[in-house]
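Trainee: The structure follows.
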Amino acid sequence: MEQYIIKGGQPLKGEVSIGGAKNAALGILAAAIMTDETVTIENVPDVRDVRVMLQAIEGIGAKVKYVYNNTVQINGKSISDVRVDGEYVKRIRASYYLIGALLGKYKKAEVALPGGCNIGTRPIDQHKKGFEALGADVRIEYGMIKASASRLKGRHIYLDVVSVGATINIMMAAAMAEGKTIIENAAKEPHIVDVSNFLNAMGANIKGAGTDVIRITGVPRLHGTTYSIIPDQIEAGTFMFAAAATGGDVMIKDVIPKHLEALTAKLVEIGCDVEEFDDAVRVIGKKNLKSTNIKTLPYPGFPTDMQPQMAVVLATARGTSVITESIFENRFKYVDELVRMGGNIKVEGNVAIIDGVERLTGASVCAPDLRAGAALVIAGLVADGYTQIEDIYYIQRGYEAFDKKLQSLGARIETVDSDKEIQKFKMQVC
Ligand code: EPZ
């Protein structure tokens, strides 16, 4: 199996361009099937999760055309089936967005129960609550979610939990329901706004995305459009934290600085210099970064998807830091791997207590999930010596050309598939 081999100790320097947001793309690609006209979507990240979503869309009969590397065309007119094969759904959680899209357009959908990163139980009760409120009958049987409705009628829906997935799924179904829907306690992430803007570009009538109250007036049909996906806030943040942790100086380009405010604030607080430009941020890491405390929260709070990467930055900061993970119940699986690299971290429930150490040392580790895997890459870049990271397919789910982008910043990292290639790497970099 492919793995990363890294020789640490090299500060990252230079500039890197950020791709389209994976978590916006997955909602937008699902929503694209809601019209019988052609939709062209630009700035689509070429990552595993997106490829699986496109396969799922083709699997139900939609036409998918790869125009360029990061541009796809989708036409949902030829959809012949509303049953999404379990093979795709087990591989990515976001395939459940096809329920909202198919239910909105065809008033029925059958999708296998979702898979995805094992960072917690990840229930779908709020999705079900929203679909039922709109008048759908939703059953979970034989490992499938089956939703159907003679008609969908707009309703006032209050989410018990701030849920990105439920907000996007309900927004899609409501976009083609009759009458007005209000989603209260909605998630406010940038990717919610992007999906809403995309649906509006197709002729939907959605207002308030990005706030906790979204108002939707259903329309009978949607039309084709061309749309470009926003930059990936989490990919950008991952490179910001890699620059900070390695004491580097990196210009992260093609970003929306506003989406990164919680990250910028924390980097400045611990002693980094961060300079903001119209569509870029420059991060200059410093030695002896200060400790701090983090609590993950829904946007605009500190994002849970950046929690592992922050732990790596704090692992070699001066003093004791405390990270509280308030969104998912199992998002500290990387800590054991970080301790093997010399980190001094204790996990008690949903809290990690990090005592900064002088240095990390390279080791063989496994990526437990997508963002934890990215965090271990940062740890390898910081550590003295060599780090081998297995199960990198997790990382490839959400980062396009991660190794190549890091190499362009001076990182000594290769994707290898054999001991021979590892030895060759070690000969080259020593
Ligand atoms: C999305 O997951 C993202 N995935 C996750 O990113 C991200 O961590 C998460 O939002 C939070 O920002 C995609 O967009 C594909 P939620 P999602 O519904 O929608 C509870 C990554 O690294 N909940 O906002 O599954 C849930 O248990 C991935 O790119 C319910 O209780 O997250 C959690 O505690 C990892 N009932 C909280 O809400 C529900 O019906 C937030 O989950 C739904 C969720």
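The values are calculated or read from the model by the stated rules, or taken from the named source; none is laboratory data. Note that the coordinates shown come from a computational prediction; the quantities given were computed from them, not determined experimentally. Heads up, the Cβs are rebuilt from the backbone with ideal geometry, glycines too, and the neighbour counts pull from every protein chain shown.
Trainee: Got a sec? Which of Arg51, Arg93 is free of Cβ contacts under 8 Å to residues at least 60 places away in the same chain, within 16 Å of the ligand (Cβ to nearest atom) and under 15 Å from the mean Cα position of the chain (by Cα)?
Mentor: After ruling out the rest, the residue left standing is Arg51.
Trainee: Considering the range 199-214 alone, what residues qualify as being buried (at least 24 other Cβ atoms within 10 Å of the Cβ) and either in contact (Cβ under 8 Å) with a residue 60 or more places away in the chain or within 18 Å of the chain's Cα centre (by Cα) (or both)?
Mentor: Correct list: Leu199 only.
Trainee: Restricting to the range 1-48, count the residues that are more than 19 Å from Ala401 (Cβ to Cβ), among the β-branched types (Val, Ile, Thr) and within 14 Å of the ligand (Cβ to nearest atom).
Mentor: Counting residues in the range 1-48 that are more than 19 Å from Ala401 (Cβ to Cβ), among the β-branched types (Val, Ile, Thr) and within 14 Å of the ligand (Cβ to nearest atom) gives 1.
Trainee: Something else now. Yes or no: the range 152-164 includes at least one residue that is basic (Lys, Arg), near the ligand (Cβ under 8 Å from one of its atoms) and more than 29 Å from Arg48 (Cα to Cα).
Mentor: No, because not a single residue in the range 152-164 is basic (Lys, Arg), near the ligand (Cβ under 8 Å from one of its atoms) and more than 29 Å from Arg48 (Cα to Cα).
Trainee: Just for strands (runs of 3 or more DSSP E) wholly inside the range 33-143: which have at least 1 residues that are outside the structural domain of Val255 (by TED's automatic domain parsing) and modelled with pLDDT under 95?
Mentor: Once the strands (runs of 3 or more DSSP E) in the range 33-143 are filtered for at least 1 residues that are outside the structural domain of Val255 (by TED's automatic domain parsing) and modelled with pLDDT under 95, what remains is 63-68, 108-112, 137-141.
Trainee: Could you run through the range 79-105 and say how many residues are in contact with a strand residue (DSSP E or B) (Cβ under 9 Å, 6 or more places away or on another chain) and over 20 Å from Tyr142 (Cα atoms)?
Mentor: The qualifying residues number 1.
Trainee: Can you pull out every residue in the range 138-149 that is away from the ligand (no atom under 16 Å from the Cβ) and either crowded, with 18+ Cβ neighbours inside 10 Å or within 15 Å of Lys105 (Cβ to Cβ) (or both)?
Mentor: Lys146, Ser148, Ala149
Trainee: Could you tell me which numbered condition Gln73 fails, if it satisfies all but one of (1) surrounded by fewer than 24 Cβ atoms within 10 Å (Cβ to Cβ); (2) over 24 Å from Gly224 (Cβ atoms)?
Mentor: Unmet for Gln73, out of (1) surrounded by fewer than 24 Cβ atoms within 10 Å (Cβ to Cβ); (2) over 24 Å from Gly224 (Cβ atoms): (2).
Yes or no, residue by residue, for (1) among the polar types (S, T, N, Q); (2) over 20 Å from Arg83 (Cα atoms):
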{"position": "Val138", "(1), (2)": "no, no"}
{"position": "Tyr142", "(1), (2)": "no, no"}
{"position": "Ala147", "(1), (2)": "no, no"}
{"position": "Leu159", "(1), (2)": "no, yes"}
{"position": "Thr167", "(1), (2)": "yes, yes"}
{"position": "Glu178", "(1), (2)": "no, yes"}
{"position": "Ala201", "(1), (2)": "no, yes"}
{"position": "Thr211", "(1), (2)": "yes, yes"}
{"position": "Pro220", "(1), (2)": "no, yes"}
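Trainee: In addition: Give, as residue ranges, the helices (runs of 4 or more DSSP H) completely inside the range 347-430 that count at least 2 residues that are away from the ligand (no atom under 16 Å from the Cβ) and surrounded by 15 or more Cβ atoms within 10 Å (Cβ to Cβ).
Mentor: Passing ranges, in order: 370-382, 402-407, 419-429.
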